[in-house]
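What follows is a single structure, written as structure tokens, with notes after it.
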Amino acid sequence: MELHPLISGRWSPRAFSDRLIEQEKIDLLFEAARWAASSSNQQPWRFLYSQRGEEVFETMLDCLMDGNRIWAKDAALLIAAVAVDNNSRSGKPNGHAWHDVGLAVGNLSIQATAMDIYLHQMGGYYPEKARELLAIPQGFTPVTMIAAGYLGKPERLPENLREREGAPRKRKALSEIAASGKWDFGETA
Ligand SMILES: Cc1cc2nc3c(=O)[nH]c(=O)nc-3n(C[C@H](O)[C@H](O)[C@H](O)COP(=O)(O)O)c2cc1C
């Protein structure tokens, strides 16, 4: 048994090609997100998106920190993933909302990989700026921004980023993240 290629083949590039993403494929990305599991089926995710060349794309770029903007400007698509803060039935805070947004983005990312589209999620942005510029109302909280596109040539990146592109990806050992039974990580908070 091997890891599924849709999981092992995913990574977060910074070099994107000029090719835009067809609207049909964009719709499929969000269709994949739509089918994610969520606590009480609240589906507490909302996505705003814009394609390169559109006015809102520049607005979204303005929300990114410099270190991300420098390469994300070449992405085909920028997405803002937003959480719905409260449970729509009880009106109380939904403690699982961010978890569920992450699940939806996970689905989106698998569907993207199946279509040769790569995502680069970003926490390096200004949430309050995004709220203001993208008209996100209170009761909804920006979680991440995501750059997406087809793979491009690393040569188009500034030199310091070029080396990092395609560098071996690192992960903790399985024994560091999963234990059978009780807590056994020898790790204190
Ligand atoms: C919530 C989140 C925030 C991230 N923020 C940034 C970011 O601001 N800038 C960046 O270059 N990468 C960012 N990343 C990408 C991670 O650095 C990357 O996923 C991680 O190094 C593992 O690499 P891989 O996705 O290629 O496996 C973020 C990823 C996630 C999930």
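So the values come out like this:
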| quantity | calculated |
| --- | --- |
| Failed condition for Leu103, given (1) more than 12 Å from Ala147 (Cβ to Cβ); (2) within 12 Å of the ligand (Cβ to nearest atom) | (2) |
| Qualifying residue in the stretch 141-164 (condition: more than 30 Å from Glu31 (Cβ to Cβ), within 11 Å of the ligand (Cβ to nearest atom) and either assigned to a loop (DSSP other than H, G, I, E, B) or in contact (Cβ under 8 Å) with a residue 40 or more places away in the chain (or both)) | yes |
| Residue in the stretch 102-120 that is at pLDDT 95 or above, over 22 Å from Glu22 (Cβ atoms) and not in a helix (DSSP H, G or I) present | no |
| Positions within the stretch 1-24 being of a type outside the set (A, V, I, L, M, F, W, C) and buried (at least 18 other Cβ atoms within 10 Å of the Cβ), in sequence order | Pro13, Arg14 |
| Members of the stretch 133-166 found to be within 20 Å of the chain's Cα centre (by Cα) and over 26 Å from Gln23 (Cβ atoms), listed by number | Thr141, Leu161, Arg164, Glu165, Gly166 |
| Pairs where the first residue, in the stretch 21-42, is in contact (Cβ under 8 Å) with a residue 12 or more places away in the chain and at positive phi and the second is surrounded by 13 or more Cβ atoms within 10 Å (Cβ to Cβ) and outside any helix (DSSP H, G or I), C-beta under 9 Å, 6+ apart | Ser40/Asn87; Ser40/Asn94; Ser40/His96 |
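Condition check ((1) aliphatic (A, V, I, L, M); (2) farther than 19 Å from Gly149 by Cα; (3) assigned to a loop (DSSP other than H, G, I, E, B); (4) out of contact with any strand residue (DSSP E or B) (no Cβ under 8 Å at 6 or more places or on another chain)) across all residues:
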position	(1), (2), (3), (4)
Leu20	yes, no, yes, no
Glu31	no, no, no, yes
Ala36	yes, yes, yes, no
Ser40	no, yes, no, yes
Arg46	no, yes, no, no
Gly53	no, no, yes, yes
Phe57	no, no, no, no
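The values are calculated or read from the model by the stated rules, or taken from the named source; none is laboratory data. In this text, all values refer to a predicted model and were calculated from it rather than measured experimentally. No Cβ is skipped: glycine too gets one built from the backbone with ideal geometry, and neighbour counts run over all protein chains shown.
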